[in-house]
Amino acid sequence: MGEEGRGLQGIMRNFNKMRLMQAAMCEVLARQCYEEALDWARLKRLSDKALVEQQAIRHKLVEMLTRCNSVRALLISVAQAW
């Protein structure tokens with residue numbers, strides 16, 4: 001347990017750990033979504049060209065990957081500060 005009168009602090013510390021773990025799981029899922037989208041865009045063909053060769057699609061995929069990388073960097077920074 002802990003010291004009397006310090007229960008709320010212990011619970012809040014636990015919530016912070018849980019938030020960090022939830023954020024890490026979300027980052028993994030987002031990266032898996034990116035991988036699925038990339039694989040699909042490589043397979044899907046439009047006018048004898050892979051969809052991934054379209055500039056607009058590439059831009060969206062790069063944006064997805066950039067967001068995944070920025071979230072991962074933030075998670076690493078928070079975990080190290082903790």
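Quick note: the coordinates plus some simple rules give every number you see, no bench work behind them. Note that the structure is predicted; figures quoted are calculated from it, not measured. Counting neighbours? That spans all protein chains shown, and the Cβs are built from the backbone with ideal geometry, glycine included.
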*asked:* Here are labelled values, [x] 15.4; [y] 14.4; [z] 14.9, and one is the computed Kirkwood radius over Cα pairs in Å for what I pasted. Which one?
replied: [x]
_With Cα atoms, 0 to 90° folded angle of helix 7-43 axis to the chain main axis_ = 10 degrees
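Tell me the net charge near ALA50. Cut-off is 13 Å between Cβ atoms, ALA50 excluded, with +1 for each Lys or Arg and -1 for each Asp or Glu. Before the final figure, lay out the partial values.
Details: positive: ARG42, LYS44, ARG45, LYS49, ARG58; negative: ASP39, ASP48, GLU53.
Net charge around ALA50: +2.
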*asked:* Whole angstrom only: what separates the Cα centroid of the stretch 1-39 from the Cα centroid of the stretch 49-82?
replied: 20 Å
*asked:* For LYS44, give me every one of the aspartates and glutamates with a C-alpha distance below 17 angstrom, ignoring sequence neighbours fewer than eight places off in its own chain.
replied: GLU35, GLU36, GLU53
